[in-house]
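Chemist: Before I ask anything, let me first share the structure, which is written out below as structure tokens.
The values are calculated or read from the model by the stated rules, or taken from the named source; none is laboratory data. If you're wondering where the values come from, they're calculated on a predicted model, not measured in any experiment. Here Cβ is always computed from backbone atoms with ideal geometry, including for glycine, and neighbour counts include all displayed protein chains. Note: accessible area is taken over every heavy atom of the protein model, side chains too, but ligands, DNA and RNA are not part of it. Shrake-Rupley method; radii C 1.70, N 1.55, O 1.52, S 1.80 Å.
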Amino acid sequence: FCVQDVYRLGEENVAVGKVVSGVIRNHQRVTILPSLKKSEVKSIRFGGVNGNKACAGENIGISLKDAATLRRGDIVTAENNFPLPLRQFKGNIFWISKEPLRVNQEFLVRIMTQEANCVAEKIENPVDSTALNAIKGAAHELRINQIASVTFKTKKPLILEDFSFIDELGRLVIERKNCLQGVGIINKL
């Protein structure tokens, strides 16, 4: 469950977001990522109506039993079955900005509701998508309309999955100065 936002309703905080994989149930023990705090689901809400469970693809609200605080970007998972927070990953990136992506240049990466400052550590095998010209090996930058395999390092840990496993946690967008620069999918953790 990816937390989009948290609202105060009466005496409790209700986190709203999307179930991206599996099923979440009332009274289920959960782990909150990336903090690794444990909690229990107190209630599940669908448009203000309480429910017993929610499945992948559903947009819901949840509240937790204890004082665990949820915030935008948190991921709620089954108590003992969750991906580890990571600071390095690899993805296939399509660059759409006139300003190139350069190795070691800082930008913002967004994955679902998570975001972190990030650098590209390595750019490999760029392909010009307009002419289908491939450049073998490493490159120091990725230019407009090029696709490449890029290794990223984030300043804080993120919850990621291979796009082929959970696509919502395997898609990313790259921004710089509040402008979209590139998009991609994660293919190696």
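Chemist: If I model a spin label at LEU36 and ARG8 as a point 7 Å from the Cα along the Cα→Cβ vector, what separation in nanometres do I get?
Modeler: Calculated label separation equals 3.1 nm.
Chemist: At 7 Å along the Cα-to-beta-carbon direction for both ARG71 and ILE135, put a label point, then send me their distance in nm to one decimal.
Modeler: So the label points at ARG71 and ILE135 sit 3.9 nm apart.
Chemist: Counting only GluC sites (Glu not before Pro) that sit in a DSSP loop (anything but H, G, I, E, B) with at most 14 other Cβ atoms within 10 Å, what is the longest stretch of the chain containing none of them? Kindly include the intermediate steps, with their values, before the conclusion.
Modeler: Values: sites that count: GLU11, GLU79.
In the chain, the maximal stretch lacking such sites is 80-189.
Chemist: Another one. Among LYS38/LYS90; LYS65/LYS177; LYS98/LYS188, which pairs are too far apart, with a Cα-Cα distance over 32 Å?
Modeler: Beyond 32 Å between Cα atoms: LYS65/LYS177.
Chemist: Using a Förster distance of 30 angstrom, determine the FRET efficiency expected from the C-beta separation of LYS53 and ILE185, and round it to 0.05. Intermediate results must be reported in sequence, preceding the final value.
Modeler: Working: r = 29 Å, r/R0 = 0.98.
About 0.55, to the nearest 0.05.
Chemist: Once you list every other residue whose beta carbon is under 15 Å from the beta carbon of LEU160, what net charge do they have if Lys and Arg are +1 and Asp and Glu are -1? Numbers along the way, then the final one.
Modeler: Working: positive: ARG87, LYS90, ARG110, LYS153, LYS155, LYS156, ARG171, LYS188; negative: ASP74, GLU115, GLU161, ASP162, ASP167, GLU168.
Spelling it out: positives minus negatives among the neighbours equals +2.
Chemist: Averaged over all directions, how much area does the convex hull of the C-alpha atoms of segment 1-44 cover when projected, in nm²?
Modeler: 3.3 nm²
Chemist: Further question: Can you check what the net charge comes to around VAL23, using other residues whose Cβ is under 14 Å from the Cβ of VAL23 (Lys, Arg +1; Asp, Glu -1)?
Modeler: Values: positive: LYS18, ARG25, ARG29, LYS53; negative: GLU58, GLU79.
Surrounding charge for VAL23 is +2.
Chemist: Also, quick follow-up: Please list, or write none, the aspartates and glutamates whose alpha carbon is within less than 14 Å of the alpha carbon of LYS37, excluding same-chain residues fewer than 8 places away.
Modeler: In chain and number order, the partners are ASP66, ASP74, GLU79.
Chemist: In sequence order, what are the phi-derived ³J(HN,Hα) couplings for segment 116-130 according to the Karplus relation 6.51 cos²θ - 1.76 cosθ + 1.60 with θ = phi - 60°, rounded to whole Hz, with x for glycine and proline?
Modeler: For segment 116-130, the Karplus curve yields 7, 5, 8, 10, 8, 7, 8, 10, 10, 6, x, 10, 7, 6, 7 Hz.
Chemist: Let me ask something else. Per 10 Å bin from zero, what fraction in whole % of the C-alpha pairs of the chain is there, up to the bin with the longest pair?
Modeler: Percent of Cα pairs in each bin: 10, 35, 27, 18, 9, 2.
Chemist: Turning to a different aspect of this structure: For segment 1-101, what relative contact order do you get, as a whole percent, if you take Cα pairs closer than 8 Å and at least 6 residues apart?
Modeler: Details: 201 pairs, mean separation 31.5, N = 101.
Relative contact order here is 31 percent.
Chemist: Where the centroid of each part is defined by its Cα atoms, how far is segment 98-112 from segment 130-175 in Å?
Modeler: 10 Å
Chemist: Could you work out what % of the accessible surface of segment 91-140 is carbon and sulfur, using a 1.4 angstrom probe and leaving DNA, RNA and ligands out of the count? Walk me through the numbers before you get to the answer.
Modeler: Numbers: 1340 of 2650 Å².
For segment 91-140, the apolar C and S fraction of the accessible surface comes to 51 percent.
Chemist: I need the trypsin sites (Lys or Arg not before Pro) found in segment 68-153, filtered to DSSP loop residues with at most 11 other beta carbons within 10 Å of theirs.
Modeler: On the way: sites: ARG71, ARG72, ARG87, LYS90, LYS98, ARG102, ARG110, LYS122, LYS136, ARG143, LYS153; in loops: ARG71, ARG72, LYS98, LYS136, ARG143.
Of the trypsin sites (Lys or Arg not before Pro), the ones in loops of segment 68-153 whose Cβ has at most 11 other Cβ atoms within 10 Å are LYS98, LYS136.
Chemist: What does the accessible area per residue of segment 41-189 come to in Å², with a 1.4 Å probe and no ligands, DNA or RNA counted? The partial results should precede the final answer.
Modeler: Values: 7890 Å² over 149 residues.
On a per-residue basis, 53 Å².
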